[in-house]
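Peer 1: Here it is, the structure in full.
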């Protein structure tokens, strides 16, 4: 399917184009990519200079994979003449700006109802759920993966299909001003803030500062019809409500467990298969069956249904469809792994990220599991001066959950290990590779294992080690450098 035609690309990027070569063979573009490894033939490749890699080093690979057009920085193009010779390309002043312009143009030509999602915890899972439920009703586009930053949002927008009826975009941040920039691009009609937690405390310094940063999402809201969807149970709710009014948000919708909120909890029951929620949305009751556990999904579900209502979706159909929702890898998905030694372990893969709020939620899920309860945890990053105390505070959740064994890695988790050793069986390793070897050597059939830590801790390697052990009957050899 054609997403862009050559003429629209030229018109959109004309303010920043320095030089171009667009042969007649370059007629239509099926998508926009910044990753040569996942690029599909027919897509446009934008060479973005990132913190880890520079896309200009992969232009030749993108062309080999069938890129219909490449966009490069005009200064860096001077060293790429052999690669670009005869190939369809645009040389621009700023490739990130080019991506933003494409995103702005795609957003401007869409009549879809757009939901913007942010928050300290749960935004990716909620965005995924909204995309799934809306997609069952009408054509829906969502953020690609968890692309929620300065390049991820414009990339997702640039791939937005003009005939989509709904869009769901996730917005993240590390500092003040970042969500403001993203929400101006997304221009949502509905803005959902999941919950305010202690993520990025090291950078922002206080919960109030975090709330103010998240409240920037209101800046991009539609002035006539915009709806702010706020969690009444969240810290800083009053501050968020104040910021919504200051931004002259047209409507505010609330959700939470208490009956005072627009969408609230009526009853909740956990079963072996998952959990059943009865919620009340604007005076009507809806029965919701979830095929997974986690008390934090009560709040997520209430917020999801509030956002669906704000977007004009069919809540009856959503209540029926949500039973088919599955979790994203690394976000609490339960994985059954048969062991070569016999029996099966259950891994709760919550390895994608962690902060004190999500750590407590993950441990609460482990608390309701069968067999030995094993917590495998990595450092929670960006917590600032309170990091030591916040890591030590995890012990209270572990003890309450009845955790049998604790395996941790990282300098901050070392503080937890020191105080945990007197309460439960605990092991600490300097890095995740050493930790993985220890975990694999100790687990047995019937265990339930929670894996969680900040993304850069690479805690997913513990899961990979368990899976390797199952496949090969031996531990994966690790070379420590």
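Just so you know, all these numbers are worked out from the coordinates, no wet-lab data involved. Computed from a prediction, not measured in an experiment: that's the story for all the values here. With ideal geometry, Cβ positions are generated from the backbone for all residues, glycine too; neighbour counts draw on all protein chains shown.
Peer 1: Take the alpha carbon gyration tensor of the stretch 4-98, find the square roots of its eigenvalues, order them as a ≥ b ≥ c, and report rounded if a/c is under 1.5; if not, report prolate when a/b exceeds b/c, else oblate.
Peer 2: Numbers: a/c = 1.32, a/b = 1.10, b/c = 1.20.
Taking the square roots of the gyration eigenvalues as a ≥ b ≥ c, the stretch 4-98 is rounded.
Peer 1: Could you give me D for the stretch 158-247, from Stokes-Einstein at 4 °C and 1.567 mPa s, where the hydrodynamic radius is the Kirkwood radius over C-alpha pairs? Units µm² s⁻¹, please.
Peer 2: This corresponds to a translational diffusion coefficient of 95 µm²/s.
Peer 1: Arrange the peptides 12-18, 165-171, 137-143, 344-350 so that the one whose residues have, on average, the most other Cβ atoms within 10 Å appears first. The partial results should precede the final answer.
Peer 2: On the way: 12-18: 15.6, 165-171: 27.0, 137-143: 20.0, 344-350: 21.6.
Going by the mean number of other Cβ atoms within 10 Å, highest first, we get 165-171, 344-350, 137-143, 12-18.
Peer 1: Let me ask something else. By how many nm would the segment from residue 464 to residue 57 lengthen if fully extended, with 0.36 nm per residue of separation less the alpha-carbon distance?
Peer 2: Numbers: separation 407, 0.36 × 407 = 146.52 nm, distance 2.94 nm.
Gain in length upon complete extension: 143.6 nm.
Peer 1: Now a separate question. Which whole-angstrom value gives the distance between the alpha carbon centres of the stretch 307-336 and the stretch 370-413?
Peer 2: The stretch 307-336 and the stretch 370-413 have Cα centres separated by 29 Å.
Peer 1: Let me ask something else. With label points built 7 Å along Cα→Cβ from the Cα atoms of residue 396 and residue 20, find their separation and express it in nm.
Peer 2: It is 6.1 nm.
Peer 1: Run the numbers for residue 49 and residue 206: contour at 0.36 nm per residue of separation, minus the present Cα-Cα distance, in nm. Mind dumping the intermediate values first?
Peer 2: Numbers: separation 157, 0.36 × 157 = 56.52 nm, distance 3.16 nm.
Full-extension gain reported as 53.4 nm.
Peer 1: Let me ask you something else. In nm, what is the difference between 0.36 nm times the number of residues separating residue 162 and residue 137 and their Cα-Cα distance? Mind showing how you got there, number by number?
Peer 2: On the way: separation 25, 0.36 × 25 = 9.00 nm, distance 1.69 nm.
Extra length from residue 162 to residue 137 when fully extended: 7.3 nm.
Peer 1: Shifting gears a bit: Hey, how many Å between the Cα centroid of the stretch 207-286 and the Cα centroid of the stretch 110-149?
Peer 2: Going from one Cα centre to the other spans 16 Å.
Peer 1: Among bridges DSSP assigns within the stretch 333-472, what percent are antiparallel (round to 5)? Kindly include the intermediate steps, with their values, before the conclusion.
Peer 2: Numbers: 6 of 26 bridges.
Bridges in the stretch 333-472 are about 25 percent antiparallel.
Peer 1: Which distance in nm do the two modelled labels at residue 223 and residue 278 give, with both placed 7 Å along the Cα-to-Cβ direction?
Peer 2: About 4.5 nm, to one decimal.
Peer 1: Give the percent of DSSP beta bridges with both residues in the chain that are antiparallel, rounded to the nearest 5. Spell out each step's value before the answer.
Peer 2: Values: 27 of 79 bridges.
So the antiparallel bridges amount to about 35 percent of the total.
Peer 1: To continue, here is another question. Out of all DSSP beta bridges in the stretch 238-397, what portion is antiparallel? Express it as a percent rounded to 5.
Peer 2: On the way: 20 of 22 bridges.
Here the share of antiparallel DSSP bridges comes out near 90 percent.
Peer 1: Please give the peptides 179-186, 304-311, 47-54 ranked by average Cβ packing (other Cβ atoms within 10 Å per residue), highest first, as a rough proxy for protection.
Peer 2: Top to bottom by mean Cβ count within 10 Å: 304-311, 179-186, 47-54.
Peer 1: How many percent of the alpha carbon pairs in the stretch 110-324 exceed a separation of 26 Å?
Peer 2: Values: 6523 of 23005 pairs.
Tail of the P(r) past 26 Å holds 28 percent of the pairs.
Peer 1: Which residues in the stretch 32-68 place their backbone N less than 18 Å from a point set 7 Å from the Cα of residue 85 along the Cα-to-Cβ direction?
Peer 2: 59-61, 63-64
Peer 1: Once R0 is set to 56 Å, what does the formula 1/(1 + (r/R0)^6) return for the Cβ-Cβ distance between residue 323 and residue 30, expressed as a FRET efficiency to the nearest 0.05? Provide the component values of the computation, followed by the final result.
Peer 2: Details: r = 34 Å, r/R0 = 0.60.
Between residue 323 and residue 30 the formula returns 0.95.
Peer 1: Need one word for the chain: rounded, prolate or oblate. Basis is the Cα gyration tensor (sqrt eigenvalues a ≥ b ≥ c); a/c below 1.5 gives rounded, then a/b vs b/c decides. Could the numbers behind the result be given before it?
Peer 2: On the way: a/c = 1.84, a/b = 1.27, b/c = 1.44.
Oblate is the answer for the chain, as a/c is 1.5 or above yet b/c matches or exceeds a/b.
Peer 1: Counting only helical runs of four or more DSSP H residues, what would the 222 nm mean residue ellipticity of the chain come to if each run contributes -39,500 (n - 2.57) and the total is spread over all its residues?
Peer 2: Details: 18 runs with 165 residues, N = 481.
Helix contribution divided over all residues of the chain: -10000 deg cm²/dmol.
Peer 1: Now, a different point. Take the Cα of residue 266, step 7 Å along the line toward its Cβ, and report every residue of the stretch 282-297 whose backbone nitrogen sits under 20 Å from that point.
Peer 2: 282-291, 297
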